1. Filter the stretch 122-138 for residues that are more than 16 Å from the ligand (Cβ to nearest atom), out of contact with any helix residue (DSSP H, G or I) (no Cβ under 6 Å at 6 or more places or on another chain) and not hydrophobic (A, V, I, L, M, F, W, C) and give the result.
2. Considering only the stretch 167-200, state which residues are in contact with a Lys or Arg (Cβ under 7 Å, 6 or more places away or on another chain) and small (Gly, Ala, Ser).
3. On the given criteria, is residue 156 more than 15 Å from the ligand (Cβ to nearest atom) and part of a strand (DSSP E or B)?
4. Going residue by residue through the stretch 133-145, is there one that turns out to be part of a strand (DSSP E or B), out of contact with any Ser or Thr (no Cβ under 6 Å at 6 or more places or on another chain) and not charged (D, E, K, R)?
5. Being closer than 21 Å to residue 145 by Cβ, without any contact (Cβ under 8 Å) to a residue 60 or more places away in the chain and surrounded by 15 or more Cβ atoms within 10 Å (Cβ to Cβ) is the filter here, so list the residues in the stretch 172-211 that pass it.
6. Scan the helices (runs of 4 or more DSSP H) fully inside the stretch 1-98 and keep the ones with 3 or more residues being of a type in the set (A, V, I, L, M), in contact with a Leu (Cβ under 9 Å, 6 or more places away or on another chain) and modelled with pLDDT of 95 or more.
7. Do we find that residue 161 is outside any helix (DSSP H, G or I), hydrophobic (A, V, I, L, M, F, W, C) and crowded, with 20+ Cβ neighbours inside 10 Å in this structure?
8. Counting only residues that are over 14 Å from residue 40 (Cβ atoms) and among the charged types (D, E, K, R), which one in the stretch 212-241 is surrounded by the fewest Cβ atoms within 10 Å (Cβ to Cβ)?
Amino acid sequence: MRKTVEILGVSIDCVTMNQAVQTVKGFLSEDRVHTVYTPNAEILMCAQRDPYFKSILNQSDLVVADGAGVILAARILGLDLPEKVSGIDLIKNFLSEDMGRKVRYYLYGSKPGVAEAAAENMLRVSSRIEIAGCSHGYHPPDKEEEIINLINSSNADILLVALGAPKQEKWIHEHKKDLNVKVCMGVGGSLDVLSGNKKPAPEFLRRHGLEWLYRLCKEPWRYKRMMDLPRFMLKVLAVKAGLDKT
Ligand code: UDP
């Protein structure tokens, strides 16, 4: 039975990393498309302003807490979320998990060349996978059908969609009826990291919930978007104090 907690109106699965990996493994043996999203505090704030996006997150098969902010929010609200399950770590764990057969990945999104470089690195670290195909994320809208045909004819099991949030979740939601993969996962900047183009935050900062500080130093132009982090914490505190009925 699925156990979830609700943070600012979004249901998040109470799973450890290992449980999340096992859940996705289960999805691979079912004959339908499953969606996996990995909201962090910024994404949960985006969902507050965009009810359509919020409803998409709430219709997903697996929603994991990607970020120390979400875990801290759960603690403040007295909810039991076991641990942070970031998108990038989830992908890395799939790569090393024995899924009983070679799992085929299609990588869709990021700038031209990034998905191919990520695919090469994924194949280098795992002999348990195959790359079914790659497409960049800057096609004109009239190419959409072509991309869906490419994905479907590739026989992929897992589709990683890296278009940034909320674009990727909306894309998955609107096209899942046309796709024949088993799992569609929104992965944000993960292909940039897997390709080696973007360095992940150092382990020390990641462990101490300070990944945002690293991102702010590396990508200072994101500061406006990152103002959602304190806004998120304030909103959670207001909910806790009964001042906000979200
Ligand atoms: N991206 C894309 N097409 C678009 C917009 C964005 O392929 O139309 C890619 C972009 O190149 C990057 C990823 O989506 O690889 C978004 O990364 P970001 O770190 O901004 O995502 P987040 O994890 O913060 O949602």
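1. Result: 124, 127, 128, 130.
2. The one that is in contact with a Lys or Arg (Cβ under 7 Å, 6 or more places away or on another chain) and small (Gly, Ala, Ser): 189.
3. Spelling it out, it is not the case that residue 156 is more than 15 Å from the ligand (Cβ to nearest atom) and part of a strand (DSSP E or B).
4. There is at least one residue in the stretch 133-145 that is part of a strand (DSSP E or B), out of contact with any Ser or Thr (no Cβ under 6 Å at 6 or more places or on another chain) and not charged (D, E, K, R).
5. Result: 175, single match.
6. Because the criterion is at least 3 residues that are of a type in the set (A, V, I, L, M), in contact with a Leu (Cβ under 9 Å, 6 or more places away or on another chain) and modelled with pLDDT of 95 or more, the helices (runs of 4 or more DSSP H) in the stretch 1-98 that meet it are 17-28, 41-49, 68-76.
7. Considered against the rule, which asks whether it is outside any helix (DSSP H, G or I), hydrophobic (A, V, I, L, M, F, W, C) and crowded, with 20+ Cβ neighbours inside 10 Å, residue 161 comes out as yes.
8. 224
The values are calculated or read from the model by the stated rules, or taken from the named source; none is laboratory data. What you see is a predicted model, and the numbers here were worked out from it, not measured in a lab. Methodologically, a virtual Cβ is constructed for each residue, glycine included, from the backbone with ideal geometry; neighbour enumeration extends over all protein chains shown.
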